[in-house]
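Q: Take this structure first; my questions come after.
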């Protein structure tokens, strides 16, 4: 497994570091620690004017920033190496963070990129920074957006995970992801499946011979029950796939809007991490997020892992 941890020397990266200190990656994982030094636009512009004195100042500043970044990555590696059987690689680059992160993902064939994000506002929800949004939208691999954990939870060993599954290839990839990592003891997993009653299904019922509203409603309800039974089987299958953990696992089957129910369940738990499939469709040059995953990652107050089935074409 190849994991890229994109870092910056601010509180934004604290949640990502905290999360990876709790979740143990598979043995032999290559963990790349990336720090991108943004290009100082004003100084760079002065340097291009070939003013010798200014150019020398720019070089000295860049040298100091480079050394600070290396020291920072060394501290992060020391913190994570305690319980991680992984190979560490430190990368310090200069440029635009989002662009350099995406370049590194391609160059190193990354499976999962982990990065922090901007703060959380009760009024507007999960505020993604421009870098997080860019990577989430463009990365061809799975993306874990980590948010700082509340102080009272930092010392708690176990984690509360919400796994949202719909049986799609991406959702199965999310299950496989959880099977590859090791959660701290006393962690809890809630497996959630939402049965959604689509408008077009009612319209299909209208094509039958009957025009009685009561009978049509009954047919729609029966259709929902069938999908409910299918959802229950999916939950059971998923629980068995994760039962080797020996952790507490709960199953939850609800009817309603997928994004709304995921957010509602995450708040009720409350969840430390939501794991779900991207359900995106691959375009010619980019991979788009599904509407559900996009809504969840922008509206929740906890960390979110958006898992993509990398084998899909």
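The values are calculated or read from the model by the stated rules, or taken from the named source; none is laboratory data. Source: prediction; values computed, not measured. Because the Cβ atoms are built from the backbone with ideal geometry, glycine has one as well, and the counts that use them run over all protein chains shown.
Q: Report whether or not residue 129 is at pLDDT below 90, over 19 Å from residue 264 (Cα atoms) and outside the structural domain of residue 263 (by TED's automatic domain parsing).
A: For residue 129, the condition - at pLDDT below 90, over 19 Å from residue 264 (Cα atoms) and outside the structural domain of residue 263 (by TED's automatic domain parsing) - is met.
Q: Got a number for residues in region 185-202 being modelled with pLDDT of 80 or more and part of a loop (DSSP other than H, G, I, E, B)?
A: Of the residues in that region, 3 qualify.
Q: What number of residues within region 17-36 satisfy the criterion of being touching a helix residue (DSSP H, G or I) at 6+ places or on another chain (Cβ under 8 Å), in a strand (DSSP E or B) and crowded, with 19+ Cβ neighbours inside 10 Å?
A: Total satisfying the criteria: 6.
Okay, residues lined up against (1) farther than 17 Å from residue 234 by Cα; (2) at pLDDT 90 or above; (3) crowded, with 22+ Cβ neighbours inside 10 Å:
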site	(1), (2), (3)
120	yes, no, no
139	yes, yes, yes
152	yes, no, no
168	no, no, no
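Q: Select from region 222-273 the residues that are part of a loop (DSSP other than H, G, I, E, B) and either touching a helix residue (DSSP H, G or I) at 6+ places or on another chain (Cβ under 9 Å) or within 25 Å of residue 299 (Cα to Cα) (or both) and write down the one among them that is modelled with the lowest pLDDT.
A: The selected residue is 256.
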